[in-house]
Amino acid sequence: GGLVVQGVGGKPDPVRAIDYFKKGCDGGDGTACAFYGAQLAEGAGVKRDAKRGLELLERSCEKLGSPQGCAMYSRGLVLGLGGKERVKDGVDIAESLCAQGELSSCLMGAGAYLQGRGVERDDRRGARLLAVACSAGSKAACRLKKKVPAKVREEVDAEPAPARAPAPSAPPPPS
């Protein structure tokens, strides 16, 4: 499915890729399930079904152990696809993934804390997540960190540098 979406061997065809992702998901492939769920959640090449898309993202993460699925599941929750009451679950997953080196999750969690989206606003916590991603080479995190209030940024910068985490694996399910 991914090759069809990218146009390897022909024109990019997200609609045709859906069939491949669905078959892979039905066969227990966590990455295929993640991409199929994301396409459903976003309505990319298929009729939008956010609820079913989020269910598939959850399955790809929690049952099939796909790191990409966990990142996409977290993103869906943080963006509110599971309702306001589930946003904090998404932020918790994002923090866990960030600690494991999944940089886009660092940015997602930081954004939630810096904006108070689904969690209490916490500039320090957001800045720490950005520091993790920045120290691992994320230019976007380094740019965003400059927008954190100077006092908070200086305090976070004075803390010991976060260790670079190993590649992510599936986080524990939210409590």
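The values are calculated or read from the model by the stated rules, or taken from the named source; none is laboratory data. Quantities reported herein were computed from a predicted structural model and do not represent experimental measurements. Note that each Cβ is placed from the backbone with ideal geometry, even for glycine, and that neighbours are counted across all protein chains shown. What goes into the accessible areas is simple: the full protein's heavy atoms, side chains included, and nothing from ligands, DNA or RNA. Shrake-Rupley method; radii C 1.70, N 1.55, O 1.52, S 1.80 Å.
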Under 8 Å for C-alpha pairs, at least 6 residues apart: give me the relative contact order for the range 40-158, rounded to a whole percent. 15
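Please find the FRET efficiency linking ARG143 to ARG121, where r is the Cβ-Cβ separation and R0 is fixed at 35 Å, and quote it to the nearest 0.05. Write down the numbers at each step before the final one.
Numbers: r = 20 Å, r/R0 = 0.58.
Efficiency, from the Cβ-Cβ distance: 0.95.
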For the range 1-155, how many pairs of lysine residues have a Cα-Cα distance under 24 Å, where the two are 8 or more positions apart or belong to different chains? 19
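With every protein chain present, what is the per residue accessible area of the range 30-120 (1.4 Å probe, Å²)?
Accessible surface, normalised per residue, equals 42 Å².
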